[in-house]
Amino acid sequence: MGKSNLELVAECDNFPSYEDDRAAYTENLNNYHAFKVSGYDCTLGYILNSVVEKFPWSEKCWAIDSTAQTVTLVTPAGATPAHRSKLVETDIAEAVKQDKFEILKGWRNEKYAVYGPGGEFLLEMERCATPLFGIVSYGAHLTGYVEDESGIKIWVPRRAKNKQTYPSLLDNTVAGGMCTGETPFECIVREAMEEASLPEAAVRAATICTGCVTYAHVRDVRAGGETGLIQPEVEYIYDLKLDAETIPKPGDNEVEEFMLMTVSEVQAALARGEFKPNCANIMIDFFVRHGLLTPENEPDFLQIVARLHRRLEHPTASHCTR
């Protein structure tokens, strides 16, 4: 028997929730230090204890409290995001120089933003380093589909077998991480051209924003690099209904092929565990929104919908979606 929809959602949102299991949450949290920035009374992410031990922290700007299990970036009052970013960038560069972490070998030259209370922009850091700090990252996913008298069919790509993360698994039609200052919609437009060779004009004209999915994922070996890193994420979700003549084609080396799959074929592939974990969540969300997954045909419907929209415990920022 394959994986259930609830099992798939739980595989992505796999860090224990305080509300659901306080004992498991507390026990797991003992393996992490809270990442903080001076002047802000909040936790921005969770850093695995083994990462704290290995990371080349500069004594002049970091305060490590092993008793309270906190790592605090210490800066003068009135420090700017650029100043904080430079301090973090310097130490990440030193970690790369010392070859401290496997995950840093996947350098992207892309920056992800870190937000404080009220969505205040505090700093940015190299994308591949963000799981080391356990900060909230943001992305956008698009499901491209066609619909005719036979029903809905979905364009599903297979990730390249040489990708560092989740090689050869199935993905959403278009997906990507949002860099500092990028809106979800512009992220989708960019990725649609880069990954799927979809015409910009068609994407801009017909793409519909349908909400977001949130989760707290603990990385395993399939993600590449160190395991046990917490990766809380916000994924903005889009739909794009395509005509029969518009066919996605790989536009870079990240996708091997696109397949036009029926709903039943997608559901079977999900049950076999062939999708990247967060892409399975987005696909299940698509089924819910299009009335393909309902309380009448899914006994775990309420739990699934709730788990697709986890309340993250770190500060988050709302982005302009169009």
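The values are calculated or read from the model by the stated rules, or taken from the named source; none is laboratory data. These numbers come from a predicted model, not from an experiment. Positions of Cβ are generated from backbone atoms using ideal geometry, with glycine treated the same way; all protein chains shown enter the neighbour counts. SASA here: full protein model, heavy atoms, side chains in, ligands and nucleic acids out. Shrake-Rupley method; radii C 1.70, N 1.55, O 1.52, S 1.80 Å.
Tabulated data
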{"read-out": "Segment 240-250, subset touching a Phe, Trp or Tyr at 6+ places or on another chain (Cβ under 8 Å) and open to solvent by 40 Å² or more (accessible area, probe 1.4 Å), residue nearest to residue 202 (Cα to Cα)", "value": "241"}
{"read-out": "Hits in segment 199-213 - residues which are charged (D, E, K, R) and surrounded by 14 or more Cβ atoms within 10 Å (Cβ to Cβ)", "value": "204"}
{"read-out": "Output for segment 78-98, where each listed residue is over 25 Å from the mean Cα position of the chain (by Cα) and within 15 Å of residue 120 (Cβ to Cβ)", "value": "78, 79, 80, 83"}
{"read-out": "Enumeration of residues in segment 69-84 that are at pLDDT 95 or above, open to solvent by 60 Å² or more (accessible area, probe 1.4 Å) and among the small types (Gly, Ala, Ser)", "value": "82"}
{"read-out": "Selected residue [buried (at least 16 other Cβ atoms within 10 Å of the Cβ), of a type outside the set (Val, Ile, Thr) and over 23 Å from residue 214 (Cα atoms)] from 89, 102", "value": "89"}
{"read-out": "Scope segment 20-57; condition among the basic types (Lys, Arg), in a helix (DSSP H, G or I) and in the same structural domain as residue 100 (by the TED database); matching residues", "value": "54"}
{"read-out": "For residue 305: the one exception among (1) β-branched (Val, Ile, Thr); (2) open to solvent by 40 Å² or more (accessible area, probe 1.4 Å); (3) in contact with a strand residue (DSSP E or B) (Cβ under 7 Å, 6 or more places away or on another chain)", "value": "(3)"}
{"read-out": "Long-range neighbours under 8 Å by Cβ, at least six apart or interchain, first residue under 15 Å from residue 286 (Cα atoms) within segment 298-310, second not in a loop (DSSP other than H, G, I, E, B) and not hydrophobic (A, V, I, L, M, F, W, C)", "value": "298/5; 304/5; 307/215; 308/214; 308/215; 308/281; 308/285; 309/214"}
{"read-out": "Residue among 3, 60 that alone is part of a loop (DSSP other than H, G, I, E, B), basic (Lys, Arg) and more than 23 Å from the chain's Cα centre (by Cα)", "value": "60"}
{"read-out": "Condition broken by residue 118, with the remaining ones in (1) farther than 25 Å from residue 313 by Cβ; (2) open to solvent by 50 Å² or more (accessible area, probe 1.4 Å); (3) assigned to a helix (DSSP H, G or I) satisfied", "value": "(1)"}
{"read-out": "Conditions (1) at pLDDT below 95; (2) surrounded by 18 or more Cβ atoms within 10 Å (Cβ to Cβ); number of the one not met by residue 51", "value": "(1)"}
{"read-out": "Qualifying residue in segment 159-168 (condition: touching a helix residue (DSSP H, G or I) at 6+ places or on another chain (Cβ under 6 Å), crowded, with 18+ Cβ neighbours inside 10 Å, in a strand (DSSP E or B) and at pLDDT 95 or above)", "value": "no"}
{"read-out": "Search result, residues across segment 188-237 that are hydrophobic (A, V, I, L, M, F, W, C), in contact (Cβ under 8 Å) with a residue 60 or more places away in the chain and assigned to a loop (DSSP other than H, G, I, E, B)", "value": "229"}
{"read-out": "Residue satisfying condition, being at pLDDT below 95 and either in a loop (DSSP other than H, G, I, E, B) or crowded, with 22+ Cβ neighbours inside 10 Å (or both), within set 278, 297, 253", "value": "253"}
